[in-house]
Number of protein chains: 2
Amino acid sequence: MKKYDVVIIGGGPAGIITGVTGKKQNPGKSFLMINEDDKGLVPCGIPYVFHDLKDISQNAMGPKPFVDAGGELLIDAVRKIDIKNKTLSTERGIDFQFDKLVIATGSVPAIPTFIKGYDLEGVEYILKKYKYIEDLKNKTDIAENIVVIGGGFIGVEIAEQLAKYPDKKVTLVEMEKYCLYKTFSTDVAARADGVIRDTKINLFTNRKVTQIVGENNHVKAVLLDDGKEIKADIVITSIGYKPNTGLARESGLELDDNKAIIVDRYMRTKLKDIFAVGDCSSAIGFITGRSNSVMLASTATAEARVLGYNLFTIDLLRNFQGILAVFSTEINNIAFASAGAIEKTARDAGISFIVGKFEDVDRHPGTLPDASKLMIKLIVSPKNGAIIGGEICGGKSTGELINTIALAIQKRVTVYELISFQIGTHPLLTTAPTKYVLIKAAEMVIANIKKTY
Amino acid sequence: MKKYDVVIIGGGPAGIITGVTGKKQNPGKSFLMINEDDKGLVPCGIPYVFHDLKDISQNAMGPKPFVDAGGELLIDAVRKIDIKNKTLSTERGIDFQFDKLVIATGSVPAIPTFIKGYDLEGVEYILKKYKYIEDLKNKTDIAENIVVIGGGFIGVEIAEQLAKYPDKKVTLVEMEKYCLYKTFSTDVAARADGVIRDTKINLFTNRKVTQIVGENNHVKAVLLDDGKEIKADIVITSIGYKPNTGLARESGLELDDNKAIIVDRYMRTKLKDIFAVGDCSSAIGFITGRSNSVMLASTATAEARVLGYNLFTIDLLRNFQGILAVFSTEINNIAFASAGAIEKTARDAGISFIVGKFEDVDRHPGTLPDASKLMIKLIVSPKNGAIIGGEICGGKSTGELINTIALAIQKRVTVYELISFQIGTHPLLTTAPTKYVLIKAAEMVIANIKKTY
């Protein structure tokens with residue numbers, strides 16, 4: 001039986017980054033990655049396969065960096081793990097021995113079994129598999145009426161992409177008052193909904209799908225709770241993901257309430273030499289201090305780097321501090337981003353907070369031809385002024401501006417520090433130095449604290 | 001004689017932000033701003049008056065925010081300050097008494113008196129005055145042959161703008177090996193020069209102007225040190241700025257070697273109740289720990305916020321920690337930015353450092369239509385891994401990405417922390433989570449430290 005120092009199950013972002021980082025730190029150790037597919041997809045790039053990318057192959061992501069670093073790769077599925085004897089066996093009947101095992105099996109789409117007709121032909125999911133998405137793309141190409149159920153990031157992005165085809169009728173159904181309600185506070189989510197409604201998408205919020213109606217076992221319509229029937233050649237459900245942890249559970253690993261494998265801050269499970277990382281592993285919220293089920297490739301890679309450096313010994317005394325949850329997206333050329341706790345997250349977690357908001361344009365003077373509106377909101381702990389969250393709506397630079405906020409939250413920067421934060425500004429690239437949005441929002445918070453306390 | 005609690009001399013970014021912040025913090029105090037011109041200009045927007053902005057009025061910046069906050073404004077020039085008696089008198093013969101005086105007189109262009117012919121008609125400077133720039137714009141509009149002397153930011157940006165007119169011949173002369181050599185390390189500066197050479201600009205580096213040649217007292221050509229003569233209808237010199245501190249010196253305030261008014265970290269001069277802020281005040285380098293003459297509106301506003309909050313009492317225990325120097329620009333649609341110490345700054349200041357570099361694209365997958373190349377370089381203290389500087393070359397988001405680095409430097413973030421920094425990524429907005437440039441550059445630094453130490 002062949003033995004490896006490290007076996008990694010799964011070849012998504014968490015598995016690849018654990019493998020690359022671990023192998024680079026430990027060139028003398030043998031690493032094997034077992035992955036079910038020979039090619040994968042950039043997870044967050046999947047929606048763009050449906051329009052903006054010319055071809056699905058443009059969104060391919062594989063374990064090449066791991067193999068380049070000296071890791072071995074096996075395309076196979078793990079069937080059984082014997083943790084006591086440190087062995088595992090695969091579908092193809094190969095047995096391996098391992099010293100360390102990393103479970104990076106990711107997540108799978110939640111299936112809306114509570115909706116009648118969920119199992120009809122033509123009801124699809126965003127399964128993060130190359131072949132599946134390739135097929136789905138071919139199906140959407142010939143569909144005229146498409147209904148997307150669930151207005152989270154994936155649902156909104158896929159609907160936005162499909163609605164770019166002039167001849168398709170795209171409907172998006174969200175049961176909450178606004179799409180993206182988990183990630184943005186009410187005013188920002190309302191703004192995002194406005195942007196969605198500016199596209200060709202037919203958006204229904206505050207509406208539940210009560211039934212998916214079929215004919216000859218194939219979907220033909222979707223019924224809403226107000227009785228409305230929407231024609232559908234294809235239905236894409238995107239109601240969330242759940243940890244892919246069946247194998248882990250069968251192997252005796254302990255799961256949390258979200259069915260994620262329980263790990264400590266170094267990604268160690270309760271069993272020696274067994275690690276779990278990424279979507280399949282448990283985590284707490286950086287701000288909320290309690291269980292958090294956010295799944296993001298960027299979070300998974302942050303965990304994977306912590307694990308990769310610390311596989312054999314805690315060499316990098318920097319454990320994973322909990323999920324911050326930094327989101328960004330772009331809808332119809334307007335970017336939305338959030339980091340850390342938004343108002344309702346803070347409220348639900350019993351955290352006192354105060355808010356400051358500022359709006360300007362992202363160039364200066366704002367008369368420059370490509371200037372976009374820019375809105376920033378900071379959520380702050382009123383006692384010490386520490387920034388605990390932020391939201392942005394604006395142009396392309398939103399994607400990097402949110403990361404300045406993300407760093408500020410992670411380093412516990414206060415608004416009192418932020419107001420004299422030295423920044424770089426340029427007419428063609430940012431807001432003006434006299435009213436740099438982040439600083440102005442911090443000033444608003446300070447003024448609000450002064451007023452309130 | 002009318003008395004004000006606070007008199008501010010100067011209405012540039014430093015004066016305005018000190019006034020707005022101070023007045024908002026102290027609504028009961030009376031504030032007067034004395035400024036020579038009724039309207040000013042966004043300083044960093046000046047180059048764009050020459051092409052991208054339709055009209056100079058689009059780049060106007062005035063003391064409106066200060067007046068809106070309740071401050072009073074006088075268009076006049078201060079002729080004399082009597083510090084002992086706390087009075088001042090103006091050109092128009094008005095006398096005022098003050099409790100606190102803020103000197104925010106900014107900077108003026110250095111005049112190349114060492115070049116023969118510097119005083120010919122048609123030899124111009126980038127004086128930050130509305131009327132002057134308006135006239136200069138009219139002159140460049142009718143000029144065919146334009147020579148810009150000095151390849152710093154202003155020189156490069158003005159040359160880039162003027163070269164956008166198909167019928168103008170624009171020459172840029174820089175005496176160092178590369179333009180922007182003060183702000184970027186050799187490889188990045190070389191890249192910027194490449195971008196400049198891709199435009200219509202006729203660039204000469206490593207060349208000095210030995211004489212500006214005239215005819216009937218008007219410029220007609222420029223002579224280089226290799227004997228080359230370049231035809232010139234107009235010459236724009238941009239060889240730097242110096243603190244505008246004649247009045248301060250005459251009033252008895254102490255200046256440093258750069259002729260800047262000596263202040264402490266709360267912007268207090270050595271004389272009680274007299275403050276100086278912005279380009280006219282002294283500062284030390286945040287990283288170098290010694291005198292620094294960088295002049296930036298963003299730095300000036302950071303100082304002004306510290307001063308505005310602390311005018312009457314040190315209410316915000318956050319003094320100005322020294323100039324970080326965060327620069328950004330865009331040349332021919334490619335952005336360049338730097339923050340903190342670059343390699344030569346560190347070398348000159350005797351600071352040991354190690355470098356990490358990473359290149360990718362700013363979208364993921366990189367096949368997305370608007371993807372730009374993105375290069376990042378981190379300069380790091382090898383002992384504790386603290387980031388002391390960074391450079392970026394890339395797309396528009398460079399302008400915000402440099403600010404994440406700027407915050408990291410200011411908060412003494414180490415590369416060991418940065419590798420598990422939680423970030424937000426999105427296909428249409430940033431690099432991929434698996435190879436986010438800032439994290440990859442940090443990993444490169446760690447690998448280099450391991451190799452070297």
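Coordinate-derived values only; no laboratory data. All values reported here derive from a predicted model rather than from experimental measurement. Neighbour counts run over all protein chains shown; Cβ positions are idealised from the backbone, glycine included.
Here's the picture: charge each Lys and Arg Cβ at +1 and each Asp and Glu Cβ at -1 in region A:1-140, and of A:Tyr4, A:His51, A:Ile75 the one pushed furthest to the positive end of that dipole is A:Tyr4. Over 25 Å apart at the Cα level, from the set A:Lys435/B:Lys396; B:Lys64/B:Lys139; B:Lys54/B:Lys231; A:Lys129/A:Lys270, are B:Lys64/B:Lys139; B:Lys54/B:Lys231; A:Lys129/A:Lys270.
Per the Kirkwood treatment, what hydrodynamic radius in Å, one decimal, follows for the protein assembly as shown from the mean inverse distance over all distinct Cα pairs? 29.7 Å is the Kirkwood radius here. Computed about its Cα centre, the charge dipole of chain A is approximately 1140 debye, with only Lys, Arg, Asp and Glu carrying charge at their Cβ.
Under 1.5 on a/c is rounded, so check that first for region B:222-311, then, if it is not, pick prolate when a/b is larger than b/c and oblate when it is not; a ≥ b ≥ c are the square roots of the alpha carbon gyration tensor eigenvalues. Since a/c reaches 1.5 and a/b is larger than b/c, the shape of region B:222-311 is classed as prolate. Between amide H atoms placed 1.01 Å from N, distances below 5 Å from A:Ser291 occur with A:Gly285, all of them 5 or more places distant or on a separate chain. Over region B:1-143, the Kirkwood radius and the radius of gyration, each from Cα atoms, give a ratio Rg/Rh of 1.04.
Answer with one residue from A:Asn206, A:Leu172, A:Ala192: the one whose Cα lies farthest towards the positive end of the charge dipole of region A:123-239, charges on Cβ with Lys, Arg +1 and Asp, Glu -1. The residue sitting most towards the positive pole is A:Ala192.
Put in line by how crowded their Cβ is, counting other Cβ atoms within 10 Å and starting with the fewest, A:Thr245, A:Thr288, A:Thr269 read A:Thr288, A:Thr269, A:Thr245.
Counting from the shortest, the label point at A:Arg92, 7 Å from Cα toward Cβ, is 8.8 nm from the same position in each remaining copy. Between region A:195-252 and region B:333-371, how many Å separate their Cα centres? A separation of 44 Å, based on Cα centres. Computed on the Cα trace of region B:227-280, the radius of gyration divided by the Kirkwood hydrodynamic radius gives Rg/Rh = 1.28.
Derived value for chain B: Kirkwood hydrodynamic radius 23.5 Å. Basis is the mean of 1/r over every pair of different alpha-carbon atoms. By the count of other C-beta atoms within 10 Å, a proxy for reagent exposure, B:Phe312, A:Phe114, A:Phe96, B:Phe320 are ordered fewest to most as A:Phe114, B:Phe312, A:Phe96, B:Phe320. Distances between copies of B:Met1, taken at a point 7 Å out from Cα along the Cα→Cβ vector and listed shortest first: 9.5 nm. Structure shown: which of A:Lys451/B:Lys2; A:Lys182/A:Lys377; A:Lys23/A:Lys84 lie over 21 Å apart, alpha-carbon to alpha-carbon? Checking Cα-Cα distances, A:Lys451/B:Lys2; A:Lys23/A:Lys84 exceed 21 Å. Across peptide A:337-348, the average count of Cβ atoms from other chains found within 10 Å of a residue's Cβ is 1. Diagonalising the gyration tensor over the Cα atoms of region A:123-239 and scaling each eigenvalue by 5 before taking the square root yields semi-axes of 22, 17, 13 Å, largest first. Label-point distances for A:His218 to the equivalent site in the other copies, using a point 7 angstrom along Cα→C-beta, read 8.0 nm when ranked shortest first. Helical content of chain B, expressed as a calculated mean residue ellipticity at 222 nm, amounts to -7500 deg cm²/dmol (DSSP H runs of 4 or more residues, -39,500 (n - 2.57) each, divided by residue number, nearest 500). Placing +1 on each Lys and Arg Cβ and -1 on each Asp and Glu Cβ, with no other charges, gives the protein assembly as shown a dipole about its Cα centre of roughly 2080 debye. Placing +1 on each Lys and Arg Cβ and -1 on each Asp and Glu Cβ, with no other charges, gives region B:336-452 a dipole about its Cα centre of roughly 300 debye. The aspartates and glutamates within cross-link reach of A:Lys137, meaning a Cα-to-Cα straight distance under 13 Å and a gap of 8 or more places when in the same chain, are A:Asp52, A:Asp55, A:Glu124. Across region A:58-108, how large is the tail of the calculated P(r) beyond 13 Å, expressed as a percent of all Cα pairs? When all Cα pairs of region A:58-108 are counted, 69 percent exceed 13 Å.
Within region B:119-158, the GluC sites (Glu not before Pro) that combine a DSSP coil assignment with at most 14 other C-beta atoms in a 10 angstrom radius are B:Glu144.
Note on region B:354-418: Cα Rg divided by 2.2 N^0.38 Å, N the number of residues, gives 1.19. From the largest down, region A:18-87 spans 48, 28, 16 angstrom on the principal axes of its Cα atoms. Legend: translational diffusion of region A:335-452 by Stokes-Einstein, Rh = Kirkwood radius over C-alpha pairs, 4 °C, 1.567 mPa s; D = 92 µm²/s.
Computed on the Cα atoms alone, the convex hull of region B:296-374 gives a volume of 169 cubic angstrom per residue.
Think of region A:335-452 as having a plus end and a minus end, set by charges on the Cβ of Lys, Arg, Asp and Glu; of A:Pro433, A:Leu368, A:Gly356, A:Gly356 sits farthest toward the positive end of this dipole. One quarter of the convex hull surface built on the alpha carbon atoms of region A:246-366 amounts to 10.9 nm², the projected area averaged over directions. Distant-in-sequence amide contacts of B:Ala232, defined by a placed amide H-H separation under 5 Å and a gap of 5 or more residues or a different chain, comprise B:Ala221, B:Val222. Of all DSSP beta bridges confined to the protein assembly as shown, the antiparallel ones make up roughly 60%. Counting Cβ atoms of other protein chains within 10 Å of each residue's Cβ and taking the mean over peptide A:361-367 gives 5.
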